[in-house]
Structures are given as structure tokens and as C-alpha cells.
Amino acid sequence: QLQASGGGLVQTGGSLRLSCDASGRTLGLYAVNWFRQAPGKEREFVSGISWSGITVYGDSVKGRFTISKDNAERMVYLQMNSLKPEDTAVYYCALNNRRFSSVTTIADDYDFWGQGTQVTVSS
């Protein structure tokens, strides 16, 4: 039910914008997060946006990444600036199916997941 897109190969310092298509879901009711997972590492919380638009960021991306959403278009975006090689990972969007939930950083709280999009930052 979620489709993530927008990944690619970019040089250090570059930018990418990821998109999460949440067709079939009313984003005004649910929290949506971005997580990422690099090879050999655990899944990591990146950012989340609540049903009301409150945003939360992981420490490693604060000041560089911006999450936003368009409720009418049922899209969630992750603008990633000043990318670093350590940002290289598969990025997943995920939706918490409990209405009016706050953003949490726990992957198990999220019920629906996109297929992931690869982001590679070259040094």
C-alpha cells in the first residue's frame, strides 16, 4: 500500500528527494515514518510526521533532512540535503495504522511498509 521512490546515486554534499505514495490512506489520520537500513546494520529511524503534521528527526539527519506531506495527494516526502556517504542505505516509508498516533521511532509500531528505495552517496 506504500510505494517509495526517488532514490539514486549522488555525490557527497548533494541532494535527493524521496517520495512515499500512500494511496488508499488518509494521511490526516496516520503517522508516517522513514527508516533506513545499510548493509550489515540494523534498521534506523530517520524521520517521521504525525497525523497533525508534527515532525521528528533522528539525530544523524537533523538540520539536513526535511519531511513533509501532502494530505490531498496522499504523498509523504523526504528532502535530503548535504548528503554524506554514511547516509547510504535502503530507505523505507512506513505507516502506523493506529489513528491519531504520534511519531515513534520503533519499527514494530508501523504496520505497512513500502518496498524501499536505494540511496547511494559516493565520497
Quiz item: How many of the residues making up the stretch 87-101 are open to solvent by 20 Å² or more (accessible area, probe 1.4 Å) and in a strand (DSSP E or B)?
Solution: 2
Practice problem: Could you check how many residues of the stretch 8-41 are under 22 Å from residue 105 (Cα atoms) and not in a strand (DSSP E or B)? | Solution: 11
Quiz prompt | Selected residue [open to solvent by 10 Å² or more (accessible area, probe 1.4 Å), more than 10 Å from the chain's Cα centre (by Cα), aliphatic (A, V, I, L, M) and at pLDDT 95 or above] from 38, 31 | solution = 38
Self-check item: Qualifying residues in the stretch 71-86 (those that are among the aliphatic types (A, V, I, L, M) and assigned to a loop (DSSP other than H, G, I, E, B)) - the one most open to solvent (accessible area, probe 1.4 Å)
Solution: 72
Exercise. Would you please list the contacts, defined by Cβ atoms under 9 Å and residues six or more apart or on different chains, that run from a residue in the stretch 64-78 that is under 17 Å from residue 103 (Cα atoms) to a residue that is surrounded by fewer than 17 Cβ atoms within 10 Å (Cβ to Cβ) and acidic (Asp, Glu)?
Key: 76/70; 77/70
Quiz item: Are there any pairs, at least 6 apart or on different chains, whose C-beta atoms fall under 6 Å, with the first in the stretch 102-123 and outside any strand (DSSP E or B) and the second exposed (fewer than 12 other Cβ atoms within 10 Å of the Cβ), and if so, which?
Solution: 123/85
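The values are calculated or read from the model by the stated rules, or taken from the named source; none is laboratory data. Nothing here was measured: the structure is a model prediction, and the numbers come from that model. Cβ coordinates were reconstructed from backbone atoms using ideal geometry, including for glycine residues, and neighbour counts include every protein chain displayed. Ligands, DNA and RNA are excluded from the accessible area calculation, which covers all protein heavy atoms including side chains. Shrake-Rupley method; radii C 1.70, N 1.55, O 1.52, S 1.80 Å.
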